[in-house]
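Each remark here refers to the structure printed beneath this line.
The values are calculated or read from the model by the stated rules, or taken from the named source; none is laboratory data. Fair warning: this is a prediction, and the values are worked out from it, not measured in the lab. Note: ideal-geometry Cβ built from the backbone for every residue, glycine included; neighbour counts use all protein chains shown. Ligands, DNA and RNA are stripped out before the accessible areas are found, and what is left, the full protein with its side chains, is counted by its heavy atoms. Shrake-Rupley method; radii C 1.70, N 1.55, O 1.52, S 1.80 Å.
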Amino acid sequence: MKLAPVEHHLASTVEDAAAALVAPGARVLAGGQSLIPMLASRATACSVLVDINRIAGLDAVSEANGHAIVGATARQSAVLAHPGLSGRAPVLAEAGRCVAQEPVRNRGTVIGSLAHADPNAELVAACLVLDAVMVMHGPGGDREASLADFLAGPFCTTLRPGEIVTAVRLRLPAQGSGQAFVELTRTHNSPAIAGAAVVLTARDGAIDSAAVALCGAGPAGFRSRPAERALIGVLLADAPGLERAAALIADESSPVPDVHGSANYRARMAVVVARRALLTAAARAARTKEQA
Amino acid sequence: MTTPPTGARQTLTLNINGQDRTAEVEPRTTLADALRDQLRLTGTHVGCAQGSCGACTVLLDGASVRSCLLLAVQAAGCRVETVESLAQDGQLSTLQQCLSDAHGLQCGFCTSGMLMRATELLRDNPAPDREQVRDAVGSQLCRCTGYRFIVDGILAAADRLSQKGVENGRPFAAAVTTRTEA
C-alpha cells in the first residue's frame with residue numbers, strides 16, 4: 001500500500017509547527033517510523049504532515065541538576081549513545097536497544113515513541129521509572145504533564161488539538177542505583193509481549209526507593225505502586241522478597257491482547273519480566289555498593 | 001522553503017551516491033519509490049513497505065535508514081547512498097565479491113539492504129567480531145540463507161579490506177576487486 005495524497009509542511013519553528021497543527025487532520029511528522037507505516041497501510045489518514053525535523057535545536061539532549069532534557073527530534077540512536085544518559089540512566093539505553101531495529105532507531109525519536117503511546121512501548125516503561133515529564137507547546141501556551149498523566153490509553157494521549165510535545169524531562173537516578181529493563185519477545189527485537197523497567201536505590205543493603213513500570217501489561221505503560229511500596233525495606237539479596245513484590249503486578253495487569261500476545265499470557269509474563277528485572281536491578285545495586 | 005499546494009508534484013533535487021539528481025515526486029512519495037520509480041535505481045528493494053524487513057535500507061548521511069519510511073522530500077539536502085554506489089565501473093566491490101564468494105545470497109532480495117548495513121558497520125568498525133556482524137545484519141530479514149554465509153562474507157570482506165587498505169583514495173566501500181584475485 002502507498003500513502004494517500006497528503007500535504008507536507010516543513011516547519012521552521014515550534015510556533016510555526018503548532019500553528020500548522022491547528023488544521024483538521026494535521027499530524028506531526030518527526031521520525032515517522034510509526035506514522036508512515038500507518039499512513040501507508042491506510043490504518044490512519046491525515047491531511048497535512050507537519051514536519052518538525054528541521055527545527056533548529058529541537059534535537060538537543062542536555063543534562064543539568066540531576067535531570068536530562070530530551071528534545072522532540074532527538075533520534076533514539078543518539079539518545080542511546082549519549083554518554084551522560086547511558087551513565088546515569090542505563091535503563092533507558094537497555095530499553096531503547098529493544099526497540100525495533102537500529103535503522104529504525106536512527107530516524108525514530110524518543111518523544112515519538114512516547115507520543116505514539118503504544119501499550120507495548122519499551123521507552124514508555126523506561127521513561128516512567130525516570131519520572132518523565134512531557135513539555136508541550138500549543139495555542140494555550142506551554143504546559144507540562146507527567147508521562148503517566150499524558151498517557152490516556154492504547155495509542156491515546158491527553159495532547160490537546162494544536163499542541164506539540166517539544167521535550168521530555170527525565171529525572172536521573174542517584175549514583176549507585178540499580179537499574180534494569182527486561183522484556184519478553186517472540187524473536188529478537190519483535191514487539192514486547194511484556195516488559196519491565198526497574199530503578200532501585202538501597203541503603204545498607206535494603207531498598208529505600210523503587211520504581212517499577214510495565215509495558216505490554218495494560219492499555220498504557222504504567223507504574224506499579226503496590227509493587228513499589230512492597231519493595232521498601234526488602235534486602236537486595238532477598239530474592240523471595242523481590243519475587244513477592246513482582247507477584248503483586250498480576251492484580252494490576254489488564255493487557256490489551258494483539259497478535260503478539262494474548263491478555264492472559266501477557267499478564268502472566270508481566271510478573272515474570274518484573275521478577276527478572278528486579279533481581280537484575282538488585283544485583284546491580286549490590287555490585288555498585290561493593291565497588292563504592 | 002515554499003510549500004506547494006496539497007499533494008502537488010514538485011521537482012526535488014536529491015544527492016544520490018555523490019551526484020545531484022532530480023525527481024518529480026509528490027509529498028507522499030517515499031524515498032524508496034523515488035529511487036526506484038523516478039531515478040530507476042532499482043537496487044533498493046521494497047519488501048514489507050512497513051520498515052520491518054529492511055530490504056529498502058539505504059544510508060542517509062552515513063546512517064542506515066528504512067527508505068520506505070522516509071518521504072523523498074525529507075531527504076533533501078542529505079547524502080543518500082544506495083547499493084549502486086558499491087560497484088565501480090562494473091566491478092564488484094570487495095564487500096560484494098566476498099559476500100558472493102561466501103554464498104551469502106540466494107534470491108538476492110535482501111542483499112542490497114545487507115550490503116548497506118555491512119558498509120555502515122565496516123566504516124564504524126573495520127574489524128568486527130562475529131557477534132557484532134550478527135547484530136548488524138539482525139536488522140535485516142533474510143528468508144533464504146540462514147544468515148551464516150552472510151556473516152561469513154562480511155567477515156571475509158573486513159579481513160580482505162584490512163589487508164588491501166584504502167584504494168584509489170576512496171573509503172573501503174568503493175575498494176575494487178576482480179574475480180581473478182579470488
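Values for this structure:
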{"quantity": "Protein accessible surface hidden between B and A, which excludes ligands and nucleic acids, total in Å², probe 1.4 Å", "calculated": "2300"}
{"quantity": "Average other protein chain Cβ within 10 Å of Cβ, residues A:32-44", "calculated": "4"}
{"quantity": "With all protein chains modelled, accessible area of residue A:171 [1.4 Å, Å²]", "calculated": "80"}
{"quantity": "Debye, to nearest 20: dipole size of the protein assembly as shown, +1 on Lys, Arg Cβ, -1 on Asp, Glu Cβ", "calculated": "600"}
{"quantity": "Kirkwood Rh, angstrom, chain A [1 / mean 1/r, Cα pairs]", "calculated": "19.3"}
{"quantity": "Cβ-placed point charges (K, R +1; D, E -1), dipole of the range A:98-253 about Cα centre in debye, nearest 20", "calculated": "220"}
{"quantity": "Accessible heavy-atom area order of B:164, A:289, highest first, probe of 1.4 Å", "calculated": "A:289, B:164"}
{"quantity": "Between 0 and 90°, nearest 10: helix B:148-164 axis offset from chain B longest Cα axis", "calculated": "80"}
{"quantity": "Peptide ranges A:28-39, A:218-229 listed from the most packed, as the mean C-beta count within 10 angstrom indicates", "calculated": "A:28-39, A:218-229"}
{"quantity": "Shielded residues, the range B:20-47 - accessible-area loss of 30 Å² or more between chain alone and all protein chains, probe 1.4 Å", "calculated": "B:27, B:28, B:33"}
{"quantity": "The range A:50-77 versus the range A:193-244: alpha-carbon centroid distance in Å", "calculated": "29"}
{"quantity": "Largest to smallest accessible area among A:12, B:100 [probe 1.4 Å]", "calculated": "A:12, B:100"}
{"quantity": "Global form of the range A:88-191, assessed from the alpha-carbon gyration tensor, a/c cut-off 1.5", "calculated": "oblate"}
{"quantity": "Unit charges on C-beta of K, R, D, E only; dipole of the range A:17-95, Debye", "calculated": "200"}
{"quantity": "Average accessible surface area per residue within the protein assembly as shown, 1.4 Å rolling probe, Å²", "calculated": "42"}
{"quantity": "Shielding by other protein chains, A:91-104, mean Cβ within 10 Å", "calculated": "4"}
{"quantity": "Test item: B:61-71 mean partner chain Cβ contacts at 10 Å", "calculated": "6"}
{"quantity": "Percent carbon-and-sulfur accessible area, the protein assembly as shown, ignoring ligands, DNA and RNA, probe 1.4 Å", "calculated": "51"}
{"quantity": "Computed lengthening from residue A:97 to residue A:229, 0.36 nm per intervening residue step minus Cα-Cα distance", "calculated": "44.7 nm"}
